[in-house]
């Protein structure tokens with residue numbers, strides 16, 4: 001698969017997409033209150049939030065709506081906002097930590113509300129289980145449950161021990177237990193972002209596909225130049241994440257594009273699907289190079305994981321991912337793989353999303369580096385960006401902006417090798433116990 005093809009990846013999601021409206025390319029000079037660059041969850045939802053506040057919005061997408069990670073990911077809608085949020089207390093204070101913990105919960109509810117309010121058909125199912133690979137990981141779930149109780153988490157949560165997990169959660173012998181959370185779930189991500197684009201258009205947002213940005217000219221009015229015309233706007237939102245590249249070097253160096261891969265089996269018999277995941281939950285383990293998987297609406301197993309930091313995809317994604325699936329489900333050895341695809345996720349050095357405005361150009365806003373929590377956090381950051389643009393200030397965006405983000409050293413050439421070395425160290429520690 002060519003990651004830079006201007007059409008959607010040859011994925012299960014693209015093959016089962018609904019309402020894939022072709023939007024025109026930008027063909028003339030236009031003006032708007034805000035120009036949004038990026039047609040994924042960040043850009044589309046920022047456009048929705050801005051339009052709901054009465055601002056005129058033009059959205060530019062270089063390829064297709066949902067072309068990047070928003071339309072290729074595992075479809076797991078899981079609470080949480082970053083790695084070790086309490087570790088950022090020295091930057092945001094205890095009140096800020098509490099805000100981020102609540103945001104990790106409320107962002108999932110925000111997505112669910114948007115789907116319900118607009119009737120978006122994206123196969124939303126509630127229920128998720130965090131899987132423990134070791135007894136120590138299972139014991140650590142007790143602290144997580146206590147934290148959720150302190151936060152007033154209102155959804156059902158419960159531990160499933162090693163004796164029950166095979167019968168109740170996952171038809172595999174490799175796990176030491178799990179934590180079920182009925183306030184998280186899974187969905188068809190491409191159909192979600194396509195549905196949200198229709199919502200944005202209905203609110204008056206002007207959407208243009210196949211319109212890559214060639215140049216940004218900063219000033220009190222930002223000029224966004226494409227091959228077919230230039231958009232002039234009072235504010236600019238950059239929602240490109242792992243695909244920002246050199247459009248804004250101040251931001252692109254803080255995010256590492258890392259490859260993640262998914263295979264989709266043929267549709268499984270109802271009995272076999274029920275053996276694999278009896279409650280149709282989204283599942284994710286605790287390994288450094290984690291596995292995440294779930295059933296699709298037509299009973300395919302969608303099995304993903306295996307982050308690559310080299311910048312190069314495996315030659316055969318199916319051959320690369322199938323052994324990982326068989327480690328969990330060896331009885332699927334004869335099952336056909338119908339789809340295989342990958343995509344780039346944006347990872348920051350501290351595994352915490354980056355959102356704010358450029359200090360040099362205060363009318364330029366951004367959100368990126370979701371580090372695996374993009375489905376929910378994109379929607380949350382979109383709301384914060386819209387608040388800041390509309391009202392001139394957002395307390396929530398201030399909290400995000402207070403967390404420092406290092407630029408990966410050595411430029412683009414060294415970003416991937418350095419992070420790969422770091423991940424190897426964590427993986428070695430994992431193997432050695």
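Checked across segment 39-55, the condition of being in a loop (DSSP other than H, G, I, E, B) and within 20 Å of the chain's Cα centre (by Cα) holds for at least one residue.
Would you mind telling me which numbered condition in (1) modelled with pLDDT under 95; (2) crowded, with 18+ Cβ neighbours inside 10 Å residue 21 fails? Single failed check for residue 21: (2). In this entry, residue 30 is excluded by the filter for residues that are in contact with a helix residue (DSSP H, G or I) (Cβ under 7 Å, 6 or more places away or on another chain), farther than 17 Å from residue 373 by Cβ, modelled with pLDDT of 95 or more and surrounded by fewer than 22 Cβ atoms within 10 Å (Cβ to Cβ). Restricting attention to segment 356-400, and to residues there that are in contact with a strand residue (DSSP E or B) (Cβ under 8 Å, 6 or more places away or on another chain), closer than 20 Å to residue 35 by Cβ and without any contact (Cβ under 8 Å) to a residue 60 or more places away in the chain, which single residue is surrounded by the fewest Cβ atoms within 10 Å (Cβ to Cβ)? Out of the qualifying residues, it is 357. Restricted to segment 357-433, the set of helices (runs of 4 or more DSSP H) holding at least 1 residues that are at pLDDT below 90 and more than 23 Å from residue 57 (Cα to Cα) comprises 411-431.
Name the single residue, out of those in segment 81-100 being more than 12 Å from the chain's Cα centre (by Cα) and closer than 21 Å to residue 285 by Cα, that is surrounded by the fewest Cβ atoms within 10 Å (Cβ to Cβ). Ranking the qualifying residues of segment 81-100, first place goes to 84. Could you please find all residues in segment 1-18 being buried (at least 16 other Cβ atoms within 10 Å of the Cβ) and at pLDDT 95 or above? Those that are buried (at least 16 other Cβ atoms within 10 Å of the Cβ) and at pLDDT 95 or above: 11, 12, 13, 14, 16, 17.
Pull up segment 212-226, narrow it to residues that are within 15 Å of residue 362 (Cβ to Cβ) and without any contact (Cβ under 8 Å) to a residue 24 or more places away in the chain, then point me to the one that is surrounded by the most Cβ atoms within 10 Å (Cβ to Cβ).
Initially, segment 212-226 is screened for residues within 15 Å of residue 362 (Cβ to Cβ), giving 216, 218-222.
Right, trim to without any contact (Cβ under 8 Å) to a residue 24 or more places away in the chain and you get 219, 221.
Details: 219: 9, 221: 13.
Filtering first and then ranking leaves 221.
Listed by position, the strands (runs of 3 or more DSSP E) contained in segment 258-355 that have at least 3 residues being buried (at least 21 other Cβ atoms within 10 Å of the Cβ), at pLDDT below 95 and in contact with a strand residue (DSSP E or B) (Cβ under 7 Å, 6 or more places away or on another chain) are 337-347. Among the residues of segment 70-80, not a single one is surrounded by fewer than 16 Cβ atoms within 10 Å (Cβ to Cβ), within 21 Å of the chain's Cα centre (by Cα) and either part of a loop (DSSP other than H, G, I, E, B) or on the phi < 0 side of the Ramachandran plot (or both). Which of (1) under 25 Å from residue 163 (Cβ atoms); (2) buried (at least 16 other Cβ atoms within 10 Å of the Cβ) does residue 143 not meet, given it meets every other one? Evaluating residue 143 over (1) under 25 Å from residue 163 (Cβ atoms); (2) buried (at least 16 other Cβ atoms within 10 Å of the Cβ) leaves (2) as the failure. For segment 132-222, the strands (runs of 3 or more DSSP E) that sit wholly inside it and include 1 or more residues that are within 30 Å of residue 328 (Cβ to Cβ) and modelled with pLDDT of 95 or more are 157-160, 177-186.
The values are calculated or read from the model by the stated rules, or taken from the named source; none is laboratory data. If you're wondering where the values come from, they're calculated on a predicted model, not measured in any experiment. With ideal geometry, Cβ positions are generated from the backbone for all residues, glycine too; neighbour counts draw on all protein chains shown.
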